[in-house]
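Peer 1: Pasting in a structure now, in structure tokens, and then I'll have a few things to ask.
The values are calculated or read from the model by the stated rules, or taken from the named source; none is laboratory data. As the structure is a computational prediction, the values presented were derived from the model and not from experiment. Backbone-built Cβ (ideal geometry, glycine too); neighbour counts: all protein chains shown.
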Amino acid sequence: MKNLLLYILLSFLFFGCSEKKSENDIKNWDIEGIRIGDSLLNYMTKEEIIREIESSKNMYQNLTDEFGQVHLNRGFNKYDFLSFRVKIRDENYYIQSVSGNLSFDNKLNSCLEEQKKIEKKFSSKYPNLTKRKKTYTYPFDSTGESVSHNVMFDFESGGQFEVNCAVFKEGLKKKYKWKDGLITSIHTKEVVKWFDNVINEKTLD
């Protein structure tokens, strides 16, 4: 009987700790099979990465140049395309953030419905994570018409999982060929801090 009780106790501790570790380790998550910590060089050439960072840097001119954004279109299962943040000075281009982007252009209500499904599923599976909801205005749009409706789950590590419905000003959509849509993202602690550190008020319009 003592051996049985000891086995049950050890099993509880083992599986309990494993679940807690999984829940709070952002690197255990992937989007379309790609994880934080993977090298982007496994999916793109260095030249392609540099070209993508250069083409998207205007969107992040309110932030420091620590990170750059890279897009990848490759016939993914669920998302139209993926986007990544990598440290510009990292020669290995290790992924610090990965996002799946799905078009819901001019279909905000449909996007919010899909967002709610993902939020409910994630909340049910990981009820102990801190959840926050907030609507942000994009700093690159002085009119305030470009907004993001965010649901964020905070990991103990400082990393973050979020699912957002982004809506852009029509003029910016036409100029940069953007589309409104659902964005599901995984960020390291460093990327979360980077997003929070707005250094100027430059706009695209």
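Peer 1: Return only the number of the condition from (1) surrounded by fewer than 19 Cβ atoms within 10 Å (Cβ to Cβ); (2) more than 15 Å from the chain's Cα centre (by Cα); (3) within 30 Å of Lys169 (Cβ to Cβ) that Gln69 does not satisfy.
Peer 2: (2)
Peer 1: Right, another one. Can you name the residue in the stretch 48-66 that is of a type in the set (A, V, I, L, M) and farther than 22 Å from Thr137 by Cα and, of all such residues, is surrounded by the fewest Cβ atoms within 10 Å (Cβ to Cβ)?
Peer 2: The qualifying residue surrounded by the fewest Cβ atoms within 10 Å (Cβ to Cβ) is Ile50.
Peer 1: Please list, ordered by first then second residue, the pairs with beta carbon atoms under 7 Å, 6 or more apart or interchain, first in the stretch 23-52 and in a helix (DSSP H, G or I), second surrounded by fewer than 14 Cβ atoms within 10 Å (Cβ to Cβ).
Peer 2: Correct list of pairs: Glu23/Asn128; Ile26/Ser157; Lys27/Gly37; Asn28/Ser22; Leu41/Asn92.
Peer 1: Inspect the stretch 60-77 for any residue being among the β-branched types (Val, Ile, Thr), modelled with pLDDT under 95 and out of contact with any Lys or Arg (no Cβ under 6 Å at 6 or more places or on another chain) and give the result as yes or no.
Peer 2: Among the residues of the stretch 60-77, at least one is among the β-branched types (Val, Ile, Thr), modelled with pLDDT under 95 and out of contact with any Lys or Arg (no Cβ under 6 Å at 6 or more places or on another chain), which makes the answer yes.
Peer 1: So in the stretch 148-197, with the set limited to residues that are closer than 16 Å to Glu119 by Cα and of a type in the set (D, E, K, R), which one is nearest to the chain's Cα centre (by Cα)?
Peer 2: That would be Glu162.
Peer 1: So, one more: Say we look at the stretch 65-87 and pick out the residues that are small (Gly, Ala, Ser) and assigned to a strand (DSSP E or B); which of these is nearest to Met44 (Cα to Cα)?
Peer 2: That would be Ser83.
Peer 1: Would you point out the residue of the stretch 157-191, among those that are touching a helix residue (DSSP H, G or I) at 6+ places or on another chain (Cβ under 9 Å) and part of a loop (DSSP other than H, G, I, E, B), that is surrounded by the fewest Cβ atoms within 10 Å (Cβ to Cβ)?
Peer 2: For the stretch 157-191, the residue satisfying everything is Ser157.
Peer 1: Next question. Which residue is farthest from Glu47 (Cα to Cα), if the candidates are limited to the stretch 88-144 and must be part of a loop (DSSP other than H, G, I, E, B) and among the basic types (Lys, Arg)?
Peer 2: Checking each candidate, the answer is Lys107.
One line per residue, one yes/no per condition, for (1) farther than 23 Å from Ile95 by Cα; (2) surrounded by 14 or more Cβ atoms within 10 Å (Cβ to Cβ):
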site: Tyr126; (1), (2): yes, yes
site: Phe155; (1), (2): no, yes
site: Asn197; (1), (2): no, no
site: Asn200; (1), (2): yes, no
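Peer 1: List every residue pair whose Cβ atoms lie under 8 Å apart, where the two residues are 6 or more positions apart in sequence or sit on different chains, the first residue falls within the stretch 84-97 and is within 17 Å of Lys27 (Cα to Cα), and the second residue, located anywhere, is in a loop (DSSP other than H, G, I, E, B) and among the β-branched types (Val, Ile, Thr).
Peer 2: Ile95/Ile36; Gln96/Ile36; Gln96/Thr188; Ser97/Ile36; Ser97/Thr188
Peer 1: If I filter the stretch 128-143 for residues that are surrounded by 13 or more Cβ atoms within 10 Å (Cβ to Cβ), touching a residue at least 40 places away in the same chain (Cβ under 8 Å) and farther than 20 Å from Ser56 by Cα, do I get at least one hit?
Peer 2: yes
Peer 1: Do we have Ser97 as touching a helix residue (DSSP H, G or I) at 6+ places or on another chain (Cβ under 7 Å) and farther than 23 Å from Gly171 by Cβ here?
Peer 2: Considered against the rule, which asks whether it is touching a helix residue (DSSP H, G or I) at 6+ places or on another chain (Cβ under 7 Å) and farther than 23 Å from Gly171 by Cβ, Ser97 comes out as yes.
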